[in-house]
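Inspection log for the structure reproduced underneath, given as structure tokens.
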Amino acid sequence: MNKEQKIPVHVAIIMDGNGRWAKKRALPRTAGHAQGARTVEQILEDADHMGIRYLTVYAFSTENWSRPDSEVKALMNLLRTYMKTSLQKCARNNVRIRVIGDKSKLDKDLQIAIADLERDTASNTGIGFQIAINYGARDELARSVRSIAQKIRSGELDPEAVTEEMISDTLDTAGIPDPDLLIRTGGEQRISNFLLWQTAYSELYFCDVAWPDFNRKELEKAVDAYNHRERRYGGLMQ
Ligand code: IPE
Ligand code: IPE
Ligand code: MG
């Protein structure tokens, strides 16, 4: 990778294509998810080495509950194992972990594991790693509106005083800069209810590689493409 390149501060990834990756190899879909979990571990390390400061990955959407029970169970078990092994390692490697999404719907033991990891890594100063579990951007916005509405009802807040910053601060990503680059693997070109508010001005990058096959080279290609984009934020060319 060219040394002169601008490294995006925050990269968000829709990790898609696990099932198709497995199907192509005549393996069960869950084998694709297991391989995908290994990819996450490697990409987090690569992103850190490349100087990316925040990495957010979409692991399980609010819509993914509609998959067969056996697949949901397998995904939750994978997350459980991931919390115990890989993420414990992150904690030692100065990674700051945050889970975004509605955690209240997850099994109690998973909620405890998440709370422990978030607490144990809160003062780490390395890459910020956000994992979206039971995350849906519409659900996140609905929760934000509810919390603002409560403040208005209690008289603590005037409706006229609601600002964009206030909305950002009530989202699960509060305090984290908006993604500069959003990558979706697996060939589909859609957002699937991910970070709708935060990606207002993110550069979008779609690649055909299935998530289990994604690697540092592919991440570098995405960063390279990002470097060829001109971000205008509604203004004029410089
Ligand atoms: C992404 O891979 C992982 C999750 C959504 C949990 P998929 O499971 O969606 O894989 P495809 O899209 O069916 O190939
Ligand atoms: C998006 O992938 C969700 C995650 C990667 C966790 P999906 O496979 O669920 O999205 P759709 O169904 O193709 O839109
Ligand atoms: Mg998919």
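Take the conditions part of a strand (DSSP E or B), modelled with pLDDT of 95 or more, within 16 Å of ligand 3 (Cβ to nearest atom) and β-branched (Val, Ile, Thr) and apply them to Ile131. Does it pass?
no
Do the conditions hold for Ala31, that is, is it farther than 18 Å from Glu188 by Cβ, surrounded by 14 or more Cβ atoms within 10 Å (Cβ to Cβ) and away from ligand 3 (no atom under 16 Å from the Cβ)?
The answer is no for Ala31.
Among the residues of segment 173-215, which ones are more than 13 Å from ligand 3 (Cβ to nearest atom), farther than 17 Å from Ile100 by Cβ, open to solvent by less than 20 Å² (accessible area, probe 1.4 Å) and in a loop (DSSP other than H, G, I, E, B)?
Across segment 173-215, the qualifying residues are Cys207, Phe214.
So is Asp208 closer than 12 Å to Met15 by Cα and not small (Gly, Ala, Ser) or not?
The answer is yes for Asp208.
Asp169 is checked against (1) part of a loop (DSSP other than H, G, I, E, B); (2) open to solvent by 60 Å² or more (accessible area, probe 1.4 Å); (3) more than 23 Å from Glu4 (Cα to Cα) and fails just one. What number does that condition carry?
(1)
Taking segment 44-66 on its own, how many of its residues are part of a helix (DSSP H, G or I), within 14 Å of ligand 1 (Cβ to nearest atom) and not polar (S, T, N, Q)?
The number of residues fulfilling the criteria is 1.
Name every residue in segment 203-221 that is more than 16 Å from ligand 2 (Cβ to nearest atom) and either out of contact with any Ser or Thr (no Cβ under 9 Å at 6 or more places or on another chain) or within 20 Å of Pro177 (Cβ to Cβ) (or both), in order of residue number.
Those that are more than 16 Å from ligand 2 (Cβ to nearest atom) and either out of contact with any Ser or Thr (no Cβ under 9 Å at 6 or more places or on another chain) or within 20 Å of Pro177 (Cβ to Cβ) (or both): Glu203, Arg216, Lys217, Leu219, Glu220, Lys221.
What pairs can you find where one residue is in segment 13-30 and within 6 Å of ligand 1 (Cβ to nearest atom) and assigned to a loop (DSSP other than H, G, I, E, B), the other is among the charged types (D, E, K, R) and open to solvent by 30 Å² or more (accessible area, probe 1.4 Å), and their Cβ atoms are less than 7 Å apart, with a gap of 6+ or different chains?
So the pair list comes out as Asp16/Glu188.
Looking at this structure, is Leu141 in contact with a helix residue (DSSP H, G or I) (Cβ under 9 Å, 6 or more places away or on another chain) and outside any helix (DSSP H, G or I)?
The answer is no for Leu141.
Being more than 8 Å from ligand 3 (Cβ to nearest atom) and among the small types (Gly, Ala, Ser) is the filter; apply it to segment 8-23 and report the residue that is surrounded by the most Cβ atoms within 10 Å (Cβ to Cβ).
Per the stated criteria, the residue is Ala12.
The values are calculated or read from the model by the stated rules, or taken from the named source; none is laboratory data. Bear in mind the structure is a predicted one, so any value in this text is a computation, not a measurement. Glycine also receives a Cβ, built like all others from the backbone with ideal geometry; neighbour counts cover every protein chain displayed. In case anyone asks, the SASA skips ligands and DNA or RNA and just uses the protein heavy atoms, side chains included. Shrake-Rupley method; radii C 1.70, N 1.55, O 1.52, S 1.80 Å.
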